[in-house]
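The values are calculated or read from the model by the stated rules, or taken from the named source; none is laboratory data. These figures come from a predicted structure and were not determined experimentally. Positions of Cβ are generated from backbone atoms using ideal geometry, with glycine treated the same way; all protein chains shown enter the neighbour counts. Protein only, heavy atoms only, side chains kept; ligands, DNA and RNA dropped before computing areas. Shrake-Rupley method; radii C 1.70, N 1.55, O 1.52, S 1.80 Å.
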Amino acid sequence: MPVTAHLCVEPSGARETRPPGGPSRRRRAETKNSAHRLEDAAGSGGLRMLEVLVLKIEDPDCFWVVIKGCSPFLDHEVDYQKLNSAMNDFYNSRHQNTEIKPLILEEGQVCVVYCQELKSWCRAVIKSIILSEDHYLAKCFLVDFAKYIPVKSKNEVESVYYSRPAKKWDSAAIQYFQNILRAATEVQAKLCAVEDDTFEVYLYVTIKNVKVCVNDDLVAKNFACYVSPRKNEHLHLEEATFNIKSESFSSKLNPALTLWPMLLQRKDFQGTKNSHGLDFLAQSLQHTWCKGVAGDLGPAAAVLVFSSLKNVTFQVSMATLSDQSDTESKTAQRLLQFLNPDPLRADGISDLQQLQKLKSGTQQPVMVLRHKIEPCLTIDSSPLSADLKKPLVIIVCPGWKKAQLTFELLGDYSMSSRPLHPMFLTIGLHKDEAKNMKLPRGCDVIVTTPHNLLRLLEYQSLLFLRVCHLVLDEVEVLFSEANEQMFAILDNFKKNVKMEERESAPRQIIAVGVHWNRHIEHLMREFMSDPYVVITAPEEAALYGNIQQVVHLCLECEKTSTLLQVLDFIPSRAQKTLIFTCSAAETEIVSKVVESNSIFCLKMHKEMVFDLKNVLEQWKKLSSGSHIVLALTDDCIPLLAITDATCVIHFSFPSSPKFFGGRLYCMSDHFESLTEQGSPAEQRDKKPKSVLLLTEKNASQAVGVLRYLERADAKIPLELYEFTAGVLEAKEDKKANRPLCRYLKAFGFCKDKRICPDRHHINPETDMPRKLTKQALPMFGYIKIIPCYISNATNYFGRIIDKHVDLYATLNAEMNEYFKDSSSKTTVEKVEKFRLYGLEEKTSFHRVQVLEMSPREDSWVLDSVLVKFIDEGRTGLVATAQLLHLPENFSALPPQAVEFIVCRVRPADNEIEWNPKVTRYIHHKVVGKLHDAKVVLALGNTVWIDPMVHVTKLSNLRTSVVDYNVRAEILSMGMGVDNSEHVEELKKLYKGAKMPTSEETLNQTP
């Protein structure tokens, strides 16, 4: 039995066109007791997800489904059969005696008709009427069978009620809705409410193993906007039941966020009721790009800057997000509401005035925008039109790895939207490659890196002519690592923007990053028209707001005296100072110390909540030239909702960046946008101040404090640099048991030792060259090697071939001979971690070591273990049943796999990972082949070689020729550059470690 349903959304622009007092949707015929069925489905445990079969689609506001499987709805199937039988008996008996016709025929009228095909009377809705000479021909929709039939008027029976015209859905929206349902392999509905006799639902479709919420998708594409489900007596829903943890967000990002990197991961953000729907940004990027898709790529983004699509007078908007939040349902609903046509801000009030207004008892407002934002109403007017022949969006990422991830995500999202035909652009250093690069026809989006894009622009200078959106991902990283290239790209883009404006393709720059810095300021001033700024982390907003950051180093026992030195006892203007402490006891101590020095001091902590009103009244009473101080704990910030402090003193170090940002936000009334910042002298006089007392107890946070102060352009005491250096040295000493940093080994440097978890110094105890047989790895000289496993373009695992006796070859022959006898293939009953076993692979046998064992959850699932092939260096998953008992004599020979690193070459464009193109090329070139190499250095199980060549002997001429040099092959691909300092840096580390060495070893030259 079909059920009438509609999505919990309405067409874009519907709110403006709805007749006053009219219902929001047309009424439809529906089976009885639908509300009671919904109540049954809701039960005590909440609404369930029901699998449905879509029978007929009119538009997102009207479609028919059949509920599949077992559910409370199917319990009423018998009732429907009884109703249908009784209806047929009634009309069959009456039709035999008299011919019944309705007095009036109208479109939308509900009636009963006789269907010849079904041989049954059916409930129907009249869709259209055609007048003939002697009768009416009505097109009727059978509401219980979801099909249309033509019926002459003489067959029609009683009308039931009339419908009011529905809101108009855009034809593109209807087409898209139909297409996505046709492409779905599974359709599920989550019930929200009953409006009259129709179900309001959230509809979920599965397309190519990706689940998408259709409601979200329509809103994201500006076809619809959200509405809260109506209240009714059967199911009480006081607000939209949109859950950010719903299945639409469980594993994949919403397609609406394709070009929006994560804004933040925190779940404890709070908004205000009068924030005009913009607190969606607290959650918009809570769905990690990285986790569940490609690993964790780092912290969530906190800074979003984008220019207007219209060229108007330059203005700057300031926006921040709070740290304690509204309900997730409201926040997520506002996220997608941002993408519909509702204006977000049209009052024209200045940022600071708006900030001052947004005080509703919560810790801080969510965000503020200066101008009205009006997304496209339909896909027809969207800048992303398929008519253009050039790319419309260029996404610039800081490295090929992030660019590849973005490219893959775009491909995933194309499953639930029109194809974007994205292109992952990589161009080597060779000029011919850039010159001959052809962009595929129909490509809408290019994903690339600064260096690659700049090389393309040298030969395709008109590339930006049709580009609408230039997206800068991790903008602070882009400017720090490719500053020159980024400004060259922006200059090119700016020149094209100055050309004649095209309404069909407006220009926009979108910059997203984790941290605010001065490069973003320059980007806004020079290259953006009418920029908007969205900052989701208050500590970053403080940098944008020009808060003066001061740090004082002192001993823990000297904090009180340092506090008194910081306080201004004779202020030239009114001052409001907050002193943050870690406990109620510390608050009491601080307040007494301040009052003893003749400064009026209030106090607030969790044990003084009863005095909250009095404290707030006292705080507001401040005359010019006076100074008021409030000592408080962090948990009081939401209660007080203070935003007009002029100074914040961190007497107790904040326990997390979230609390640090919350403290700084207490000065948000004094945050200055870029356009409001005056001369340096004026800024010094008016700047709000943040004073941090740093003691020996805060040693672990010293590095983070230093990095923050550097970004704030603060005056940093020399003692802090020295203190931080000592902290970093102590941290490095704790890494003695960690492996040597792989970047240090591969290139001679590590980009950021402060956050790298691995060791950056040589440990004489663990880095002594390992023994392969009776002798250790060679420290110098020439060797012959066979690479067995290629990790990347310069990092391989393989074997050193002894010139005289190849012990591994002997062992391998003995193993193959032993396991030829089937009786010798004894499987292992109990697998132990780190034990050695035999493994048959095709026609050969290997020694493997068990690294990890997976837990066995189901008895029918084969156990698998992660093993390392100790003589080749590779790892892999194998079934436990494949492991064979290995005799002791086969375990005596030490593992023969050695790590080889080719020196003096590194990736181009300041990358730290080799492009897969190079790795694949080198793999096919060298794997399994005998090579000659010269040893530069050996540590642990690693041998640095330079050069590494493949030699062919010409027996007839009694000579040899070099087929190729691996380093030269890498450079010839145009994706690697010379790294002349590599070996020297390694030798410096070697000497500094006081390793036993010889002059011959260290004085070798490559």
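Pairs are defined by a Cβ separation below 6 Å, a sequence spacing of at least 6 or placement on different chains, a first member in segment 921-937 that is closer than 12 Å to Ile786 by Cα, and a second member that is open to solvent by less than 10 Å² (accessible area, probe 1.4 Å) and not aromatic (Phe, Trp, Tyr); the pairs so defined are Val926/Pro787; Val927/Pro787; His931/Ile785; His931/Met948; Ala933/Ile785; Ala933/Ile945; Ala933/Met948. Restricting attention to segment 173-230 and to residues that are surrounded by fewer than 20 Cβ atoms within 10 Å (Cβ to Cβ), among the charged types (D, E, K, R) and at pLDDT 75 or above, the residue that is nearest to Trp64 (Cα to Cα) turns out to be Arg182. Residues in segment 823-854 that are under 15 Å from Glu872 (Cα atoms), of a type in the set (Ser, Thr, Tyr) and surrounded by 12 or more Cβ atoms within 10 Å (Cβ to Cβ): how many? Going through segment 823-854 one residue at a time, the tally reaches 1. For the structure I just gave you, tell me whether Val926 is under 15 Å from Glu969 (Cβ atoms) and surrounded by fewer than 21 Cβ atoms within 10 Å (Cβ to Cβ). Spelling it out, it is not the case that Val926 is under 15 Å from Glu969 (Cβ atoms) and surrounded by fewer than 21 Cβ atoms within 10 Å (Cβ to Cβ).
Each row is one residue, and each column tells you yes or no for (1) among the aromatic types (Phe, Trp, Tyr); (2) open to solvent by less than 30 Å² (accessible area, probe 1.4 Å).
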position	(1), (2)
Met779	no, no
Asn792	no, no
Tyr796	yes, yes
Tyr808	yes, yes
Met815	no, yes
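Evaluate segment 692-699: report whether one residue or more is in contact (Cβ under 8 Å) with a residue 12 or more places away in the chain, open to solvent by 50 Å² or more (accessible area, probe 1.4 Å) and more than 16 Å from Cys554 (Cβ to Cβ). No: segment 692-699 contains no residue that is in contact (Cβ under 8 Å) with a residue 12 or more places away in the chain, open to solvent by 50 Å² or more (accessible area, probe 1.4 Å) and more than 16 Å from Cys554 (Cβ to Cβ). When you check Arg738 against the structure, is it outside any strand (DSSP E or B) and either open to solvent by 50 Å² or more (accessible area, probe 1.4 Å) or outside the structural domain of Gly704 (by the TED database) (or both), yes or no? Taking the combined requirement at face value, the residue satisfies it.
Taking the stated definitions as given, is Lys715 outside the structural domain of Asn979 (by the TED database), outside any helix (DSSP H, G or I) and surrounded by fewer than 19 Cβ atoms within 10 Å (Cβ to Cβ)? Criteria met by Lys715. For segment 865-914, residues that are assigned to a loop (DSSP other than H, G, I, E, B), under 22 Å from Gly838 (Cα atoms) and of a type in the set (Lys, Arg) total 1.
Considering Gly399, Gly442, the condition of being at pLDDT 90 or above and farther than 27 Å from Asn215 by Cβ is satisfied by Gly399 alone.
Regarding Ile801, is this residue in the same structural domain as Lys917 (by the TED database), at pLDDT 90 or above and farther than 30 Å from Glu911 by Cα? When the stated conditions are applied, Ile801 passes them.
Any residue at all in segment 821-834 that's aromatic (Phe, Trp, Tyr) and not in a strand (DSSP E or B)?
yes
Any residue at all in segment 940-949 that's more than 30 Å from Met995 (Cβ to Cβ) and outside any strand (DSSP E or B)? Checked against the condition, which is being more than 30 Å from Met995 (Cβ to Cβ) and outside any strand (DSSP E or B), segment 940-949 yields no hits at all. With respect to the conditions (1) touching a strand residue (DSSP E or B) at 6+ places or on another chain (Cβ under 9 Å); (2) over 20 Å from Ile570 (Cα atoms), Phe610 lacks only one, and its number is (1).
Restricted to segment 401-432, and to residues there that are touching a helix residue (DSSP H, G or I) at 6+ places or on another chain (Cβ under 6 Å) and under 23 Å from Leu203 (Cα atoms), the residue that is most open to solvent (accessible area, probe 1.4 Å) is Ser417.
Quick check, is Cys756 of a type outside the set (D, E, K, R), under 24 Å from Thr942 (Cα atoms) and surrounded by fewer than 18 Cβ atoms within 10 Å (Cβ to Cβ)? Taking the combined requirement at face value, the residue satisfies it. How many of the residues making up segment 459-485 are over 20 Å from Pro422 (Cα atoms) and modelled with pLDDT of 90 or more? Of the residues in segment 459-485, 11 are over 20 Å from Pro422 (Cα atoms) and modelled with pLDDT of 90 or more.
It is to be established whether one or more residues within segment 948-964 are assigned by the TED database to the domain that holds Gly781, within 40 Å of the chain's Cα centre (by Cα) and either on the phi > 0 side of the Ramachandran plot or of a type in the set (S, T, N, Q) (or both). Scanning segment 948-964 turns up no residue that is assigned by the TED database to the domain that holds Gly781, within 40 Å of the chain's Cα centre (by Cα) and either on the phi > 0 side of the Ramachandran plot or of a type in the set (S, T, N, Q) (or both). The set of residues in segment 458-482 that are aliphatic (A, V, I, L, M) and open to solvent by 10 Å² or more (accessible area, probe 1.4 Å) comprises Leu462, Leu465, Val477.
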